[in-house]
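Undergrad: Below is the structure I would like to discuss, written out as structure tokens.
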Amino acid sequence: MALEKIEPFNFNKFKDMTKGSVEKIVSYFEESEYGSWEATLKKYSWQGQKFSDGETIRKDFNKKIRSSNENISYVMQKILGWGGMKAFDKGVELKVVESLKILDNENVADLSKIYADRIASVSKIYEMWNPNKWIIYDSYCARGLQWIVKKFWEDEGKEVHCELFRFPWPPGRSSTPIEGFPRVAKTAPRQAMLGFVYASWLCRLIAQELNLKNETGFNWEAYHVEMALFTLGHKV
């Protein structure tokens, strides 16, 4: 089954539909063989950059891409360079810039127009635009999501919310999807868009749940969850 567009297409509807499931997903990971969310986050590494570096970089890129004094094209190419991705051509660049405006609105009509070709690349720009709301949806993050959803399904004995949680895997330099989950096809940008949006919404809800349970004072945001899932995706 492919992902399906909910109506109304917004975060609050997704939150209502997944009530109860997010808590179970959070608790399951805390009890898994890979350790807690916070311990996994602290193991994050990308090109020699550790967790604290990744946090600083995201905040820095966010300030730059939001600044009226910066050339947005230049900043986007710097983000892609950091992520090890090829530069955009002008046509793609214009579509991504238009999508940034959409991401601030979060309403039904606009979200479905997000540019989602090369989702592993463009979502790096989207996260830097607002790291508290949107995540990098690349092959490792998607694999981490797939693993935890599959374990949740196994524990429940059924594929709960499969129309929302069967996250498609964006092809990457290495790795493969978890068994039972699809790949993002070049001819299916709608599935890539839904995967990115639903994954971002789920990460927000996981962050909210982690903050409710938090005993260390750490303030979880969506991008922290993404970093933990990216780390998990390398392990599973």
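Read the figures in this text as sums done on the coordinates, not as results from a lab. As the structure is a prediction and not an experimental result, all values here were calculated from the model. Here Cβ is always computed from backbone atoms with ideal geometry, including for glycine, and neighbour counts include all displayed protein chains.
Undergrad: Summing +1 for each Lys or Arg and -1 for each Asp or Glu, what net charge is found among the other residues whose Cβ lies under 10 Å from the Cβ of Glu159? Show your work: numbers first, answer last.
TA: Working: positive: Lys150, Lys158, Arg166; negative: Glu154, Glu156, Glu163.
Computed value for this residue: 0.
Undergrad: Moving to a separate point now. Considering only Ile102, Ile125, Ile114, give the residue with the highest GNM mean-square fluctuation for the chain, with springs between Cα atoms whenever their separation is below 10 Å.
TA: Among Ile102, Ile125, Ile114, the largest mean-square fluctuation in the Gaussian network model of the chain belongs to Ile102.
Undergrad: Determine which residues of region 27-67 fall in the zone a paramagnetic label at Lys213 would reach in this model, i.e. backbone nitrogen under 12 Å from the point 7 Å along Cα→Cβ.
TA: Label zone hits: 27-32, 35-39.
Undergrad: Where does the chain land at 222 nm, in deg cm²/dmol rounded to the nearest 500, when only DSSP H runs of n ≥ 4 count, each adding -39500 (n - 2.57), divided by all residues? Kindly include the intermediate steps, with their values, before the conclusion.
TA: Details: 12 runs with 142 residues, N = 236.
Mean residue ellipticity at 222 nm (helix-derived): -18500 deg cm²/dmol.
Undergrad: Treat every Asp and Glu Cβ in the chain as -1 and every Lys and Arg Cβ as +1, leave all other atoms uncharged, and give the resulting dipole magnitude about the Cα centre to the nearest 20 debye. Show your work: numbers first, answer last.
TA: On the way: 34 positive and 31 negative charges, 152 e Å.
In debye, rounded to 20, the chain gives about 720.
Undergrad: Take Trp82 and Glu70, extend 7 Å from each Cα along the Cα→Cβ direction, and tell me the distance between the two endpoints in nm.
TA: 0.7 nm
Undergrad: Over 19 Å between Cα atoms: which of Lys78/Lys235; Lys13/Lys124; Lys42/Lys235; Lys64/Lys124; Lys24/Lys213; Lys59/Lys90 fall into that group? Working shown, then result.
TA: Details: Lys78/Lys235 28 Å; Lys13/Lys124 25 Å; Lys42/Lys235 14 Å; Lys64/Lys124 14 Å; Lys24/Lys213 13 Å; Lys59/Lys90 26 Å.
From Lys78/Lys235; Lys13/Lys124; Lys42/Lys235; Lys64/Lys124; Lys24/Lys213; Lys59/Lys90, over 19 Å: Lys78/Lys235; Lys13/Lys124; Lys59/Lys90.
Undergrad: Using a Gaussian network model of the chain whose springs link C-alpha atoms within less than 10 Å, name the residue from Ala120, Ala87, Ala142 with the highest mean-square fluctuation.
TA: Ala87
Undergrad: Say each of Asp60 and Lys90 gets a label point 7 Å from the Cα, pointing the same way as Cα to Cβ; how far apart are those two points in nm?
TA: With each label placed 7 Å out from Cα toward Cβ, I get 3.1 nm.
Undergrad: I would also like to ask the following. With a 10 Å radius around each residue's Cβ, average the other Cβ atoms per peptide and rank 68-81, 220-233, highest first. Intermediate results must be reported in sequence, preceding the final value.
TA: Values: 68-81: 14.7, 220-233: 25.5.
By packing density, highest mean first, the sequence is 220-233, 68-81.
Undergrad: In the chain, with Lys and Arg counted as +1 and Asp and Glu as -1 at Cβ, which of these residues, Leu164, Met128, Asn105, has the Cα nearest the positive end of the dipole, that is, farthest along it?
TA: Met128
Undergrad: Along its principal axes, what span do the Cα atoms of the chain show, with the longest given first and each in whole Å?
TA: 49, 36, 33
Undergrad: Another one. Please say if region 1-113 is rounded, prolate or oblate, where rounded means a/c under 1.5 for a ≥ b ≥ c the square roots of the C-alpha gyration tensor eigenvalues, and otherwise the choice is prolate for a/b larger than b/c and oblate otherwise? Present the calculation step by step, with values, prior to reporting the outcome.
TA: Working: a/c = 2.29, a/b = 1.17, b/c = 1.97.
Since a/c reaches 1.5 but b/c is at least a/b, the shape of region 1-113 is classed as oblate.
Undergrad: Let me ask something additional. Among Phe167, Phe218, Phe152, whose mean-square fluctuation peaks in a Gaussian network model of the chain (Cα, cutoff 10 Å)?
TA: Phe218
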